[in-house]
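**Student:** Structure incoming, see below.
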Amino acid sequence: MSDGVGFRSSRGPVLIAVMVTTGLVAIDSTALAPAVVSITDEIGGFSSFPWMFSIYLLASAVSVPVYSKLADTLGRKPMILVGVGIFLLGSILCAVAWSMPALIVARAIQGLGGGAILPVAVTIIGDIYTVAERARVQGYTASVWAIAAVVGPTLGGGLAQLDAWRWIFLVNIPLCLISGWLVVRHYHERAQRRRHRIDLAGAALLTIGSSLAVLGMLEGGRAWPWWSVPSVGVFVGGAVALVAFVLVERRAAEPVLPLNLFRRPLICATIVLGFAIGAGLIGLTAFVPTYLEIGAGATPLAAGLALGTFTIGWPIASAVSGRIYLRFGFRAASVFGGVLVVAGTIAFVLFASTPSVWTVGILSLFIGAGFGFASVPSLVASQSSVPWGERGVVTGAIMFFRSIGQALGAAVLGAVANLVIASRGGDETDPATIIAASTAVFVGVVVAGVIVLVAALAMPRRHTIIDDAAAPAPVSP
């Protein structure tokens, strides 16, 4: 198709459907962080609050490869609808949670829905638009995150100040219903369905291994000593499960995560880059609001808006990156993003001892732009290097490792923060203690930024582009 990429084109209704569906995840991810203090004040469990983020991300991550494989066999439409339905159920359960453990379980269900929504939505864009068109489409999809960057923190912070944090989840109900209707009404595909074998053993082992690794990182030094029997047992169990997963994937007819992806330099570099972006992303979004609220005495709304500049810089850079990678190449655009991330995160650490809403807002905008320039070109490059039948799996693998990076980042950085807090007497309301813990977290974000830059430099300068979206798209208006 070559009738344009706007809302009035034949693919316009599909673009709107994808944008609204993506908005579910975008608003949810930006609205929750400013409400952490309000939530823990009501239901307790401050030391466990990182699990609100890590359990969602873990559940999302381990389900992404399964959804992506099914999207390549059953089609994109049924998978994205399943994701919206599960996300709706999880949101309702979050809204009625009576304790932190209950909220964590509900967030896991939400994550299982989110595991289908975002990667399948990104895959649909890759299906129906050419590489050149995607450079312009980025402006539309990026606007979703830009809107969420303002609406999410404002909504979350405002509701937190009103002690009405449960409405953060209740607003997802109409959004889920609208997005589901738009997908059913406007997205029509001609999926090449075929008989398939779901890699249940691989999915189970990946879930167990990843879950145990995150559990060990988050609870070590808090629920049990690092070198205790439970700690060692959890890590050994996770390692055994992951080794078994690799062995199973080598023999699986349709592996949930094909190991040959790691032999392709472009995809491998993009996976590492995505993993580091995930870790850095959660380091800021999960800890900055608490850092400002307790360390600087900021209101939840002000803290949310300061962090919101991060998710404004990201979509703006994503929209602009299309022009850069078309002119200078995918690698150059990603390297530029990596440089911005490293510079911004180092500045974050240097100013961490004197928390300021304005400083955080400016630096978050800068770092968000770096993530946008680094992530979008690498993802588009990887998608364009494979045909339709592999695009879902490749997109899913990249999103999987980004989510794993977020989950492990939340676990590791949460463990670091808890260690610092414990070493300073365990007072979670002391501004100096929170500033010290947050500074340690921000140093970890710098490490993630360096990995982003190294991975971008490792991307091949040239690769073969398979632009099968130029053929008639599998949709109808």
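Any read-out appearing in this document is the output of simple, stated calculations on the displayed coordinates, not a laboratory observation. These figures come from a predicted structure and were not determined experimentally. Neighbour counts are summed over all protein chains in view; Cβ atoms, including those assigned to glycine, are modelled from backbone coordinates with ideal geometry.
**Student:** For a footprinting-style exposure proxy, rank S10, S423, S385 by other Cβ within 10 Å, fewest first.
**Tutor:** Neighbour counts put them in this order, fewest first: S423, S10, S385.
**Student:** Under a Cβ-only charge scheme (Lys and Arg +1, Asp and Glu -1), can you give me the dipole magnitude of the chain about the Cα centre, in debye to the nearest 20?
**Tutor:** 1600
**Student:** Given axes a ≥ b ≥ c from the Cα gyration tensor, I'd like to know whether segment 44-110 is rounded (a/c under 1.5), prolate (a/b larger than b/c) or oblate.
**Tutor:** Here segment 44-110 falls in the oblate category.
**Student:** Using only C-alpha positions, report the orientation-averaged shadow area of the convex hull of the chain, nm², one decimal.
**Tutor:** 19.9
**Student:** Another question, then. Taking the 0 to 90 degree range and rounding to the nearest ten, how far is the long axis of helix 431-457 tilted relative to the main principal axis of the chain, both from C-alpha atoms?
**Tutor:** 30
**Student:** Here's another thing I want to ask about it. With N residues in segment 219-301, what two-decimal value do you get for its Cα radius of gyration over 2.2 N^0.38 Å?
**Tutor:** For segment 219-301, the normalised Cα radius of gyration is 1.63.
**Student:** Now for a different question. Going highest first, how would you order 347-354, 87-94 by mean Cβ packing within 10 Å?
**Tutor:** With the highest mean Cβ count within 10 Å placed first, the list reads 87-94, 347-354.
**Student:** Continuing with the same structure: Specify the angular offset, from 0 to 90 degrees and rounded to the nearest 10, of the alpha carbon long axis of helix 76-95 from the longest principal axis of the alpha carbons in the chain.
**Tutor:** That helix lies at roughly 20 degrees to the long axis.
**Student:** If you average the C-alpha positions of segment 285-341 and of segment 424-450 separately, how far apart do those two centres end up, in angstrom?
**Tutor:** 20
**Student:** How large is the Rg to Rh ratio of segment 72-137 when both quantities use alpha carbon positions and Rh follows Kirkwood?
**Tutor:** Computed over Cα atoms, the ratio is 1.17.
**Student:** Next question. With the cut-off at 1.5 for a/c, could you classify segment 240-347 from its C-alpha gyration tensor as rounded, prolate or oblate?
**Tutor:** Oblate, because a/c is 1.5 or more while a/b does not exceed b/c.
**Student:** Give me the net charge of A97's neighbourhood, meaning all other residues with Cβ under 9 Å from the Cβ of A97; Lys, Arg count +1, Asp, Glu -1.
**Tutor:** +2
**Student:** If a/c stays under 1.5 just call it rounded; otherwise compare a/b with b/c (prolate if a/b is bigger, oblate if not). Do that for segment 350-415, with a ≥ b ≥ c from the square roots of the Cα gyration tensor eigenvalues.
**Tutor:** The shape class here is oblate.
**Student:** Residue farthest toward the positive end of the dipole of the chain, with Cβ of Lys/Arg at +1 and Asp/Glu at -1: which of L177, V380, I346?
**Tutor:** Ranked along the dipole, the leading option is V380.
**Student:** With each run of n ≥ 4 DSSP H residues scored as -39500 (n - 2.57), what mean residue ellipticity at 222 nm is computed for the chain after dividing by its residue count and rounding to the nearest 500 deg cm²/dmol?
**Tutor:** -26000 deg cm²/dmol
**Student:** Taking only Cα atoms, what is the 0 to 90° angle, nearest 10, from helix 200-219's long axis to the longest principal axis of the chain?
**Tutor:** 20
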